[in-house]
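The values are calculated or read from the model by the stated rules, or taken from the named source; none is laboratory data. This one's a predicted model, so the numbers in the text were calculated from it and none came from an experiment. Cβ coordinates were reconstructed from backbone atoms using ideal geometry, including for glycine residues, and neighbour counts include every protein chain displayed.
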Amino acid sequence: MADRHLLLAAAVLVPLGALFALSVVGAARWRHATRRLMRRLDAAQRSIKPAHFDARELEGLPEPVQRYFRTVLVRRRSATNSPKAN
């Protein structure tokens, strides 16, 4: 009887242990791949030129687009490459 219980416990615990180990390894690989992708994105980032908004850049755009940008962009304000969310 004890052998049967031991076998049953092993049949349950071994797959659970394997699932746990796979999830730990998978999470570590995911973090590593994400960090690597973030480094690649940061390295590929280019600076914005011109560094400041100039209303003359809107010439030739459709009127609704010009109106939108005049509303949301501030003259001579520095441009940003990567906004950060807090």
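Here are Thr71, Thr80, Thr34: which of them is modelled with pLDDT of 95 or more and among the hydroxyl-bearing types (Ser, Thr, Tyr)?
Matching residue, one of Thr71, Thr80, Thr34: Thr34.
For region 1-39, a tally of residues being within 12 Å of the chain's Cα centre (by Cα) and among the charged types (D, E, K, R) returns 4. Applying the set (1) assigned to a helix (DSSP H, G or I); (2) loosely packed, with under 10 Cβ neighbours inside 10 Å to Arg46 leaves exactly one unmet item: (1).
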